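Read the structure below first, then the notes.
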Amino acid sequence: LTIDYYGVDITQKMVDFTRAQGINVRQGSIERIPLASATVDIAYARHILEHLVYYHRSIDELIRVARKEALIVFFIKPTASHDKLDLAYVNDMPLFHNHYNRTKLEKYVLSHQGVWHIEWEEISEQEEILHIYLTKEEIS
């Protein structure tokens with residue numbers, strides 16, 4: 001498949017490294033993605049929502065920039081337990097390892113206008129993908 005990739009990373013060091021690999025990337029935040037609305041077929045985030053203060057803005061942005069689907073890969077699977085915002089400090093820098101309530105997360109995603117359907121896909125014992133479908137059309 002011929003796929004055009006566009007990446008966003010918050011750290012300039014990773015942007016420079018990725019550009020050196022020939023990948024189209026710019027500096028920005030998942031909470032304020034530097035793209036116009038509905039400009040990519042699929043918006044993809046992996047192992048990031050658990051590291052943020054909370055997921056609302058990130059999910060809003062992924063849904064905003066995607067035309068067909070937003071994919072979120074969790075390394076801490078959402079469960080039936082209450083949200084647990086787990087903050088630690090590593091080298092004096094804040095690092096979250098948040099645990100989210102699955103039902104609350106699903107309700108938030110489904111509250112967005114334009115979200116047609118959601119589906120969970122287990123990848124491994126540690127990882128799970130939330131597919132957020134914005135259209136009934138198949139993704140090719």
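The values are calculated or read from the model by the stated rules, or taken from the named source; none is laboratory data. In this text, all values refer to a predicted model and were calculated from it rather than measured experimentally. Note that we place each Cβ from the backbone using ideal geometry, even for glycine, and neighbour counts take in every protein chain shown. Ligands, DNA and RNA are stripped out before the accessible areas are found, and what is left, the full protein with its side chains, is counted by its heavy atoms. Shrake-Rupley method; radii C 1.70, N 1.55, O 1.52, S 1.80 Å.
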Exercise. Looking at (1) open to solvent by less than 40 Å² (accessible area, probe 1.4 Å); (2) touching a Ser or Thr at 6+ places or on another chain (Cβ under 8 Å); (3) over 23 Å from Ile123 (Cα atoms), which is the only condition Arg64 fails?
Worked result: (1)
Seminar exercise, completed: Gly22 meets each of (1) touching a Phe, Trp or Tyr at 6+ places or on another chain (Cβ under 7 Å); (2) outside any helix (DSSP H, G or I) with one exception, condition (1)
For this session: Counting only residues that are within 20 Å of Ile10 (Cβ to Cβ), of a type outside the set (Phe, Trp, Tyr) and in contact (Cβ under 8 Å) with a residue 12 or more places away in the chain, give me the strands (runs of 3 or more DSSP E) lying completely in segment 38-107 with at least 3 of them.
Result: 40-46, 66-74
Problem set entry | Considering residues of segment 8-59 that are in contact with a helix residue (DSSP H, G or I) (Cβ under 6 Å, 6 or more places away or on another chain) and open to solvent by 60 Å² or more (accessible area, probe 1.4 Å) only, the residue farthest from Lys84 (Cα to Cα) | Ser37
Seminar exercise, completed: Exactly one of Leu87, Leu95 is of a type outside the set (Phe, Trp, Tyr), modelled with pLDDT under 95 and open to solvent by 70 Å² or more (accessible area, probe 1.4 Å), and that residue is Leu87
